[in-house]
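The values are calculated or read from the model by the stated rules, or taken from the named source; none is laboratory data. Just so we're clear, the structure is a prediction, and the values are computed from it rather than from any experiment. Backbone-built Cβ (ideal geometry, glycine too); neighbour counts: all protein chains shown.
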Amino acid sequence: MKRNTSSFRDPSGYVFIEDNIVKRVINPIYFEQFKVLTDSGFYNTLFEKKYLIPHKTYSENKDQIIIETQKIPFVNYPYEWSFLQYKHAALLSLKIQKLSLENNFTLKDASAFNITFHEGKPIFIDTLSFDFYKENNPWLAYKQFIMHFLGPLVLSKYFGQEHLKMLSQNLEGISLQMLSRLLPFKSYFSPTLLINIHLLAKYDKKYESDKKTINNNLSKASQIKLIDGLYDYISNLSVNEKTEWDHYYNQINYNDVAYQFKKEIVKDWFLSIKGKTLIDIGGNDGTFSRELKEQATFLIVADVDPNAVEQNYRQIVKNKEKLLLPIVADVLNPAANYGFNNEERFSFIDRVRDANLDGCLALAVIHHITLSGNIPFSLSAQFFSTMASNVLIEFPTRNDSWVQFLLDSKREFKNHFDYYNEENFEIEYAVYFEIVKKERIPSSERILYSLKRR
């Protein structure tokens, strides 16, 4: 039994792993709620709607109930979502709270970390977040919803998608006072933002000093009206921000022959390693990962550009694709371990390592890692060795136009990067990998390396 270090805040129970199966202990303090939620059929309703991760009872005695929960192959966090993903996670929370109220339950917390993306959509993963609704009691998780969902979304609307990453440094959410200070003056003219952020921040500060709660008396009908208002506002939120790799495949510098050749090599490589699971580093909108859908069971597509990730996610939603997981990830600064003891939210590298994936694609990223990020081959080789046992890397040579552009941008330091060539790449990567195959892409200045971890 290995207790999950993320699961310690709730006195109702905790998560542990046993024989690679995810289980959750439920303490006696939550027995009544759990039994009513089960016997009423409300849990089943949430399962059927795919709002909540399914579970079944594993064992039960007077001291504890243990449930077995469906395992998610790669738990992802709010600071790894595109704007639309974040919106859909927020809307799911509101759907669940409204459905709960209609069934005389309520969400006792509304943390964005209670949601992750799985099989193409957001899903709620905290089974013990539900409590009994008490007449005229306010939604106690309302403030948390504003701090975790509405706040980051409206900051991104006004100032850009980098603000979606703020929860990595604010695990408890962005404070109401900070939100109110950061938002522009024109936000006061939005009734939704005035009521749910600016006035809420003002009253929260006052009630905090008086040790009182915000709005002691709020009917169910009023709560549903509040939820509907937030739902409509968030549904209409958008962000208009151009990014560097937006519509990347409209600006690639090789022709159709090279493009199709690369697609075929990617499929042949994945077949050769008998792959089922994969991470695509710098995968943009998932174009090349989609070539593997017939063989794969799970594909992570990670890219630094939130607009590219959003384009990928829109395709997933439109086509109801379950295999692909798009996330925002910067390999030059991957998400670290956060929280208490640095073990509450797990790093990108640790989660990929624990997923034990069959393969890693790294197409047209090594020159950006090396020349834009100033990362030596020895260190990028070490990084890719943690991703998977089999790696397919596209290496643009010094004659490639993108490489020339990046080298020229170094100006007086250009000579420092004389080491950027295929010979040095092969020497440094040979420390961690065996070079299984090396193929030049026709009509291009690029090489594909099939690598197997030593």
Does PHE130 satisfy the condition of being free of Cβ contacts under 8 Å to residues at least 60 places away in the same chain and aromatic (Phe, Trp, Tyr)?
-> no
Taking SER93 as the residue in question, decide whether it is without any contact (Cβ under 8 Å) to a residue 60 or more places away in the chain and either over 21 Å from ASN170 (Cα atoms) or of a type in the set (Val, Ile, Thr) (or both).
-> no
Unique match (being more than 34 Å from the chain's Cα centre (by Cα) and within 22 Å of ASN255 (Cα to Cα)) among ASN399, ASN415 = ASN399
Would you say ASN20 is at negative phi and either surrounded by fewer than 16 Cβ atoms within 10 Å (Cβ to Cβ) or modelled with pLDDT of 95 or more (or both)?
-> no
Selection status of ASN307, in a loop (DSSP other than H, G, I, E, B) and under 19 Å from GLN85 (Cα atoms) | no
Scan the range 259-310 for residues that are free of Cβ contacts under 8 Å to residues at least 40 places away in the same chain, under 14 Å from MET387 (Cβ atoms) and over 15 Å from the mean Cα position of the chain (by Cα) and report the count.
-> 0
Scanning the range 89-143 for residues that are within 14 Å of the chain's Cα centre (by Cα) and of a type outside the set (A, V, I, L, M, F, W, C), which turns out farthest from LEU325 (Cα to Cα)?
-> ASN114
Got at least one residue in the range 368-379 being under 31 Å from the mean Cα position of the chain (by Cα), in the same structural domain as ALA302 (by TED's automatic domain parsing), modelled with pLDDT of 95 or more and under 22 Å from ILE273 (Cα atoms)?
-> no
For the subset of the range 16-55 comprising residues that are in contact (Cβ under 8 Å) with a residue 40 or more places away in the chain and of a type in the set (Val, Ile, Thr), which member is farthest from LYS95 (Cα to Cα)?
-> ILE21
Name the one entry in LEU325, LEU357, LEU361, LEU407 that is more than 18 Å from the chain's Cα centre (by Cα) and not in a helix (DSSP H, G or I).
-> LEU361
